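Derivation of every value follows stated rules applied to the coordinates shown; laboratory data play no part. Everything quoted here is computed from the prediction, not taken from an experiment. For neighbour counting, all protein chains shown are included, and Cβ atoms are generated from backbone atoms with ideal geometry for every residue, glycine included.
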Amino acid sequence: MKKVIAFISASFLFALSFTNLYAQDAKVEVSAPERVEVVQPKEKTSPVYYPIPYVPVMTELDYKPDKSAIFKSGKVLTGMLVFSGNIKSSALIEFYRTQMRLQGWEEVGAFSSKINFLSFRRPEGTAFVIISEGMFSTELRIVVMLQGAN
């Protein structure tokens with residue numbers, strides 16, 4: 001039951017945030033989105049990298065392109081990136097609470113059960129960080145909606 005409530009809440013927040021992005025502009029143009037390629041750095045000179053603007057990812061996490069989709073249409077960037085690695089969920093939660101604040105994000109909500117959910121916003125949009133720890137690895141999902149992305 002908790003999973004259903006969590007899913008409904010997350011879906012509602014996602015829909016509400018996405019609607020707010022477009023509510024400001026009366027004129028909406030529809031165009032075919034461009035797929036944005038996410039490439040993990042080969043040289044790990046820094047402990048983090050930015051596959052999308054303002055959202056850091058630890059270089060020790062492996063990108064899962066088969067579970068991810070990021071689309072850009074004009075200056076709107078939206079989608080979900082999935083990563084996994086051998087990192088404790090508590091360490092990822094602390095990492096995102098600290099690093100997102102340093103990137104100008106404001107934490108607007110969070111809850112924890114078997115899945116940890118963090119919600120952030122900044123003037124350009126909204127980001128959700130979903131962390132689930134498995135037996136052998138932890139999965140990180142980043143859902144983002146940014147307006148004015150380059």
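Quick notes on this structure:
- Proximity of backbone amide H atoms, modeled 1.01 Å from N, is registered between residue 48 and 59 at under 5 Å, excluding neighbours fewer than 5 places apart on the same chain.
- FRET efficiency for residue 108 and residue 80, using Cβ-Cβ distance with R0 set to 25 Å, rounded to 0.05: 0.85
- When peptides 64-76, 91-103, 118-130 are ranked by their average number of other Cβ atoms within 10 Å per residue, the highest-first order is 118-130, 91-103, 64-76.
- Label-reachable residues, segment 69-94, where backbone N falls under 14 Å from a point 7 Å from residue 133's Cα toward its Cβ: 85-94
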